[in-house]
1. With (1) part of a helix (DSSP H, G or I); (2) farther than 29 Å from Ala74 by Cβ as the list, and Ala244 as the residue in question, which single condition is left unmet?
2. Kindly provide the set of residues from region 74-112 that are basic (Lys, Arg) and at pLDDT 85 or above, ordered by number.
3. Which condition does Ser42 not pass, out of (1) surrounded by 19 or more Cβ atoms within 10 Å (Cβ to Cβ); (2) within 18 Å of the chain's Cα centre (by Cα), if it passes all the others?
4. Filtering region 55-68 down to residues that are under 11 Å from the mean Cα position of the chain (by Cα) and among the aliphatic types (A, V, I, L, M), which residue is farthest from Glu38 (Cα to Cα)?
5. Kindly indicate whether Pro71 is under 16 Å from the mean Cα position of the chain (by Cα) and at pLDDT 85 or above.
6. Restricting to region 38-56, what's the tally of residues that are in contact with a Lys or Arg (Cβ under 9 Å, 6 or more places away or on another chain) and among the aliphatic types (A, V, I, L, M)?
7. Based on this model, can you work out whether Leu247 counts as over 18 Å from the mean Cα position of the chain (by Cα) and closer than 15 Å to Met196 by Cα?
8. Report those strands (runs of 3 or more DSSP E) wholly inside region 137-231 carrying at least 2 residues which are touching a residue at least 24 places away in the same chain (Cβ under 8 Å), within 22 Å of Arg245 (Cβ to Cβ) and open to solvent by 40 Å² or more (accessible area, probe 1.4 Å).
Amino acid sequence: MIAGEVEPGRRLGARLVLFRQGRAPVSADRVALLRAVEEAGSISGASRRLGLSYRGAWDQVQALNNLFESPLIAAERGRSENANASLTTRGRAMVEILDRVRTELGAALARIEEHVDGDIAQDLFWSLGMKTSVRNALRGAVKHIECGAVNGEVVVALADGVEIVSILANRDIQALDLGLGDAVIALIQAGDIVLMQGEGLRTSARNRLPARVSGREDGAVNSEIRLDIGGAKTLVATVTLESARALDLTPGAAVTALVKAPHVILATEN
């Protein structure tokens, strides 16, 4: 009864998102991926169980690990799609918790249907979710806030030794009710990331993130570059195919990801 599932004979279903203060939410599709990885022992095996492409499953693994302080899935992308993958202790605990909550939720829905007309209940119980086309969404915690006359600078710790700075209008900082230690999601468009090699160039970009290329996919015009920025966090950058070839952006190559602070959007949970 998670993520809109409705048992046969019932009109009332529920969408479950489990979270606690300062932690990223976990929903049913993410739990399905965790369970599939645990059972299959590999990303390729999990993708087949869920009807996903290997690339799609791998992207979900990276997105999931990006949203937590420590990874839920331990996986190494090797030369073969059959590389082993397994849940971390935190990942197994997440699956166990969701299973317990699902059992309790099923019992609660049964009690509701005994006393409330199903059509009325469907009008009363609903959930609101956010979808975004932004490719990079990384969970972090507010480390520092400094407000100027009009704009403010917000420093977000993504992992140990990995930080990113966002420039926001003071009114937006107040609207988000940001405070030190608050959990936030940093959203960065893939096209807003500039890749640089070497340290000789001077740039106005506030964020300079050392990274290594973990994967590359070429199209007719552009290339999608996947980056490991440390702390189990990843970024995806889009560059022209010509630039990817000129910089020799192959797996293992060291680069610096440049992101202007105004291009880092911050989001919080209600």
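The values are calculated or read from the model by the stated rules, or taken from the named source; none is laboratory data. Computed from a prediction, not measured in an experiment: that's the story for all the values here. Cβ placement follows ideal geometry from the backbone for every residue including glycine, while neighbour counts extend to all protein chains displayed. For the accessible areas, the whole protein counts, side chains as well, though only heavy atoms, and no ligand, DNA or RNA atoms are used. Shrake-Rupley method; radii C 1.70, N 1.55, O 1.52, S 1.80 Å.
1. That leaves (2) as the condition not met.
2. Arg90, Arg92
3. Here Ser42 clears every test but (2).
4. Residue satisfying both the conditions and the ranking: Leu67.
5. Working: under 16 Å from the mean Cα position of the chain (by Cα): yes; at pLDDT 85 or above: yes.
For Pro71, the condition - under 16 Å from the mean Cα position of the chain (by Cα) and at pLDDT 85 or above - is met.
6. Total satisfying the criteria: 3.
7. yes
8. 207-218
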